[in-house]
2 protein chains.
Amino acid sequence: MLRKVFYISDGTAITAEVFGHAVLSQFPLEFDALTIPFVETEAKAEAVKAQINDCFITTGERPLVFHSIVKPEIRDVIYSSEGLDYDFLNTFVAPLEKQLGIAATPAMHRTHGKANEGYEARIDAINYAMENDDGQTMKHMDKADLILLGVSRCGKTPSSLYLSMQFGIKAANYPFTEDDMDNLKLPDALKRNKGKLFGLTIDPERLHEIRHSRMSNSRYSSLRQCRMEVKEVEMMYQKERIPFVNTTNHSVEEIATKILEITGLKRHMF
Amino acid sequence: MLRKVFYISDGTAITAEVFGHAVLSQFPLEFDALTIPFVETEAKAEAVKAQINDCFITTGERPLVFHSIVKPEIRDVIYSSEGLDYDFLNTFVAPLEKQLGIAATPAMHRTHGKANEGYEARIDAINYAMENDDGQTMKHMDKADLILLGVSRCGKTPSSLYLSMQFGIKAANYPFTEDDMDNLKLPDALKRNKGKLFGLTIDPERLHEIRHSRMSNSRYSSLRQCRMEVKEVEMMYQKERIPFVNTTNHSVEEIATKILEITGLKRHMF
């Protein structure tokens, strides 16, 4: 039976999940995980404690409990359960208090809450990415922080959305289609924003697979067409000195952080 | 002068950022943070160490270094710098090894990499959310995991995108516009997917502000119109027994996790 894991927080529990997931992914095991957000009252904490204790009784193993609970009285209830606590917040807060010479002033919802400065800017960035996806308009290119280029299905849309959501970057994206291939060039709106351009590319074999699963046996999805488009676009990047990355073996997180690293665009934290 | 903070990783550094940000946000201080991802070689680690040491010489204060480095030889270089290490991965891996009775098998890019099962499903969910945003088509509603409803600018789009990106949920969204208000009812494609419907609402005053900043002095942005639309839509949610949340004081993370909590939809972790 899989070991039971709880991710618990008085907020969204996203931090507890990310933290626990990162630690557990170092082990060659699978886990049975349950996330419990918004444990904001002692009554709710008692119910969670009962759930943890039940789980111990049923399985005979103490569940692993990853938590990032800000309120001490809530935390104490979870501590008193049969779970094994991995409390990353407090493990590091105490030494930091000493180092910084200042007491922590626990406040909920500071991490993934809205009190955050720049929250509006983030929503603006998300809306910007949506409205300027896939070259649907060129009107707002001057307002972009970044413009991703590439052939259809190379990863432009997920990358733009991730950059806007995670880092508050206004990312537009523009596709090169089959019709462009005979004479590949940058539209004027992109030429005058040359410093914002960033190319994506992908292995033709992988592109063929992706297109095939959406539109099988078309010219669009043929390996020959994929090879030709990728080759033309990469030549253009080189000629125009547009930096680019290959997305084939990378997640959106990796692509996005790689772009930030190369362009030097500043991340915002939310 | 603000205390310097480094977020360092041999991967994307997103986990190190989330972790460090969560810990530091417990202090009533501002920090000057720098993220350095992809520290994958000892040479690169030495360069980062030099940067940390320079920073100590310049500021006279040891920088705070939050890291989640998987490779021991890279980690050792960072450990040997003048920075103060907050190494959440190793702090918790050792006790877990003991508890689980198994050695960790450190592997890079497991957390935010692509090796992840379900990565394709995540990209499909993102594409689904894009293609089924704002009621632009009703053709694919039967394939949705979740359909968000609400008036224009109440938070549907960012919430749908976040749910797809973070949790791999196929979230469509459908707007109710002024023209619907005289006789507010669910289109057939939504009626037959009633169990997937989830409403968003917002305080009329806040809606008025948001609309005003996009389209000032219009009927669309008037407080009177905002009040009317919100009232009509909330009455419909109640009549049709559609669960709903108020987005006014909440971040996308909070809205998304609240929706998962209420609907019981399962989160995927990437």
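The values are calculated or read from the model by the stated rules, or taken from the named source; none is laboratory data. Since the model is a prediction, treat every value here as computed from it, not as a measurement. Ideal geometry is used to build each Cβ from the backbone, glycine not excepted, and the neighbour counts take in all protein chains shown.
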Among what's in the stretch B:1-51 and is among the aromatic types (Phe, Trp, Tyr) and surrounded by fewer than 23 Cβ atoms within 10 Å (Cβ to Cβ), pick the residue that is farthest from the other protein chains (Cβ to nearest Cβ). B:31
Which numbered condition in (1) farther than 18 Å from residue A:258 by Cβ; (2) of a type in the set (D, E, K, R); (3) modelled with pLDDT of 95 or more is the only one that residue B:44 fails? (1)
Of the residues in the stretch B:249-266, how many are surrounded by 21 or more Cβ atoms within 10 Å (Cβ to Cβ) and at pLDDT below 90? 0
Just one of A:79, A:128 is under 27 Å from residue B:155 (Cβ atoms) and either modelled with pLDDT of 90 or more or within 11 Å of chain B (Cβ to nearest Cβ) (or both); which is it? A:128
Residues A:214, A:241: which one is of a type in the set (D, E, K, R), surrounded by fewer than 19 Cβ atoms within 10 Å (Cβ to Cβ), assigned by TED's automatic domain parsing to the domain that holds residue A:160 and modelled with pLDDT under 95? A:214
Filter the stretch A:242-263 down to residues that are closer than 20 Å to residue B:126 by Cα and in a loop (DSSP other than H, G, I, E, B) and give me whichever is nearest to the other protein chains (Cβ to nearest Cβ). A:251
In the list B:211, B:267, B:219, which residue meets the criterion of being assigned to a helix (DSSP H, G or I) and of a type in the set (D, E, K, R)? B:211
